[in-house]
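These notes concern the structure reproduced below.
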Amino acid sequence: MKHKLDVNNWNRKEHFEFFSQMEEPFFGFTIPLDCTEAYQKAKDLDMSFFIYYLHKTLVSVNAIECFRYRIENGEVFVYDKINVSATIMREDKTFGFSFIEFDEDIQKFNLNAKNEIERIQNTTGLFTREFNDVNLIHFSAVPWINFSGVSHARGFSYPDSCPKIAFGEMTEDNGKKTMPFSIHAHHGLMDGYHVGLFLERMKAEMQ
């Protein structure tokens, strides 16, 4: 479900119109994210760490309203729930775009994710299903790279407003585990302050 945002009475109307005119309206940040406790909690739950931190990412995304904004035909809509399209790697090192429905119950989400991962790994090609709605985040895990910044391939002519999130390689120093965490978002829909709110929620979810 979604409803239209009244842009004319939005205090960010000018910001939205200004940044929406840009060929590249996305901005982003990369931070080191402490995942020491989250990694242990995933192990205690006998759950894939990837699925665990993917769930915590979606909890944080759904908690911050502007992360549920999407631009459709020049108008802003607010979705009730945001799901995820994550890149899932296969044995032959190709990947496919998945669709995993968010559920606040981590065990239900775990089942959704495991089923979709298995489906992708038994298909070929990049697009193995239709994506009819834009209430998604685009998500990548690159556990081979301890990056300090990320850029994304993007067609500037495509009217994209979905946030893009990436995790990198987990490293450990004196018992503290960290991962690089990158977030890119449409500047017409949010500013650095809102990304800061999201990052604070994300840090709390990973504790």
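Tabulated values for the structure
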| item | result |
| --- | --- |
| Chain lengthening between Asn11 and Met89 when straightened (0.36 nm per residue, less Cα-Cα) | 23.9 nm |
| Environment charge of Ala185, counting only residues whose C-beta is closer than 10 Å and scoring Lys/Arg +1, Asp/Glu -1 | 0 |
| Average Cα contact separation per residue, the chain, under 8 Å, 6 or more apart, as relative contact order % | 31 |
| Shape of segment 18-79, Cα gyration tensor, a/c cut at 1.5 | prolate |
| Evaluated over the chain, the Cα radius of gyration and Dmax, each in Å | 17.1, 52 |
| Beta bridge orientation in the chain: antiparallel %, DSSP, nearest 5 | 75 |
| Angle between the chain longest axis and helix 49-63 axis [Cα atoms, degrees, rounded to 10] | 20 |
| Listed pairs Lys81/Lys176; Lys41/Lys203; Lys56/Lys177; Lys93/Lys176; Lys2/Lys164 exceeding 26 Å between Cα atoms | Lys81/Lys176; Lys93/Lys176 |
| Protection proxy ranking, peptides 25-33, 59-67, average beta carbon neighbours within 10 Å, highest first | 59-67, 25-33 |
| Computed helical MRE - 222 nm, the chain, DSSP H runs ≥ 4 contributing -39500 (n - 2.57), nearest 500 | -9500 deg cm²/dmol |
| Sum of side-chain charges, Arg154 neighbourhood, beta-carbon under 11 Å (Lys, Arg +1; Asp, Glu -1) | -2 |
| Exposure proxy ranking, count of Cβ atoms within 10 Å, fewest first, for Thr128, Thr171 | Thr171, Thr128 |
| Selection of trypsin sites (Lys or Arg not before Pro), segment 74-156, meeting DSSP coil and at most 12 other Cβ within 10 Å | Lys93 |
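The numbers here are math on the coordinates, done by the rules we state, and not lab data. Computed from a prediction, not measured in an experiment: that's the story for all the values here. Don't worry about glycine lacking a Cβ; one is built from the backbone with ideal geometry, like all the others, and counts go over all protein chains shown.
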